[in-house]
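The values are calculated or read from the model by the stated rules, or taken from the named source; none is laboratory data. Keep in mind it's a predicted model, so treat the numbers as computed, not measured. FYI the Cβ positions are ideal-geometry reconstructions off the backbone, even for glycines, and counts take in every protein chain you see. Surface accessibility is based on the protein's heavy atoms, side chains included, excluding ligands, DNA and RNA. Shrake-Rupley method; radii C 1.70, N 1.55, O 1.52, S 1.80 Å.
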Amino acid sequence: MTIDLKKIKTGDRRELAKAITLVEDSRSDSKLEVEKLFKNIPIDNKTIRIAITGIPGSGKSSLIEKLGLYAIKEGKKVAVLAIDPSSPINGGSILGDKIRMEQLSLEKNAFIRPSPSRGHLGGVAFSTFETILLCEYAGFDFILIETIGVGQSEFEAKTLSDIFLYLAGPNTGDEIQGIKRGILELSDIIVVNKHDGDSKIQAEVTKGQLENSLHIKGIDNINILLASAIKNDGILEIYNLLLSLSKNKNFFENRKKQVDNWIINLTLHYISEEMKNSKNIKMRLAELKDEIWMSKKSSYDAVKSIIKELKKDI
Ligand SMILES: Nc1nc2c(ncn2[C@@H]2O[C@H](COP(=O)(O)OP(=O)(O)OP(=O)(O)O)[C@@H](O)[C@H]2O)c(=O)[nH]1
Ligand SMILES: [Mg+2]
């Protein structure tokens, strides 16, 4: 599969989708194509990458749709991506089916891409990063990444984004108890959604509880806002806050970290592929297994010897 970058640059969606499929494909001949592709894709630092996480049902997709529509009105081009860590393991996608976003998907300045339906373990993060770069190359400047709170996906999303938004529901203290350790602290913005109808007061209570729980931890630099995605309430405030946070002085430092992370993940991927495909290592492993089994070698010595073999190969 060859990709025509000029087509992507001039707004050809099918070509962009083709390139993303290639990036998600772990076969080594695809990786060679991807390698060629990224020789010609510059890194664009004029965009904003926002990760949105929160427990299932808190309204992430609903909020993303409204934020996306607002950003388009403000002249942005919006890409919505999903990270779903369940997909590489079971070949399915929890999130993929759920990000329908009917209104947003009708917009010509929106591009919605469900999570990779297959992929390599540990590769979701770097293939998503490459997808971000491709979308930016295609002119999308407002990148929204939805992730569910499974496995390491929020932490991966953090390494891919400039701004981390945690979306809470008005679910009383139970939800706060249940939030994975460290997630609130990673956030730049916390939004308590469903600030409407019967849950309006509860959303305000939740906001107060979140403020308290952060205050107790000595954290006072996280913005907590109320919103109603359904009623399109509070979207303007969130949008403005996102824009002002993106002008933060740490922006470039954070972007450099994102690239570092990409390179490290890519390197690990290449090393593991090299190991899987190397006949020498397979042979050496077979010998070592016996030696360890008979206590002639320690496992650590075996690892060193595999690394030596790998160095020869590379
Ligand atoms: N009352 C109210 N309901 C909302 C609001 N936002 C979303 N919902 C409802 O909450 C449910 C879940 O919304 P989604 O946007 O799919 O939530 P999600 O967080 O993306 O869910 P998952 O992708 O399953 O994790 C839907 O029934 C929405 O209609 C809101 O602001 N107010
Ligand atoms: Mg969703």
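Once both labels are positioned 7 Å from their Cα atoms along Cα-to-Cβ, the gap between Lys282 and Thr2 label points is 3.2 nm.
As a test of the formula, what do you get for the chain when each DSSP H run with n ≥ 4 contributes -39,500 (n - 2.57) and the sum is divided by the residue count, at 222 nm and rounded to the nearest 500 deg cm²/dmol? Walk me through the numbers before you get to the answer.
Working: 15 runs with 170 residues, N = 314.
Calculated at 222 nm, the ellipticity per residue is -16500 deg cm²/dmol.
Sorted on the mean count of surrounding Cβ atoms within 10 Å across their residues, most packed first, peptides 215-227, 11-23 read 11-23, 215-227.
Whenever you get a sec, compute what percent of the accessible area on the chain sits on carbon and sulfur atoms (1.4 Å probe).
The value for the chain is 54 percent carbon and sulfur by accessible area.
Taking the charge dipole of the chain about its Cα centre, with +1 at Lys and Arg Cβ atoms and -1 at Asp and Glu Cβ atoms, the residue from Phe142, Phe129, Val191 reaching farthest to the positive side is Phe129.
Hey, if we sort Tyr239, Tyr137 by accessible area with the 1.4 Å probe, largest down, what's the order?
Largest accessible area first, the residues go Tyr137, Tyr239.
Under the 0.36 nm per residue contour assumption, what length would be gained going from the current alpha-carbon distance of Leu186 and Val303 to full extension?
Values: separation 117, 0.36 × 117 = 42.12 nm, distance 3.50 nm.
The span from Leu186 to Val303 would gain 38.6 nm if fully extended.
Listed by chain and number, the lysines placed with their C-alpha closer than 24 angstrom to that of Lys207 are Lys60, Lys66, Lys158, Lys180, Lys194, Lys217, Lys231; residues fewer than eight positions away on the same chain are left out.
Between Lys73 and Lys296, full extension at 0.36 nm per residue minus the direct alpha carbon distance yields a gain of 73.4 nm.
Model label sites at Gln177 and Lys46, defined 7 Å from Cα along the beta-carbon direction, differ in position by 5.0 nm.
Accessible area per residue, 1.4 Å probe, Å², for the chain: what's the number? Intermediate results must be reported in sequence, preceding the final value.
Values: 16500 Å² over 314 residues.
Computed with neighbouring chains in place, this is 53 Å² per residue.
The accessible-area ordering, largest first, of the residues Tyr70, Tyr300 stands as Tyr300, Tyr70, per a 1.4 angstrom probe.
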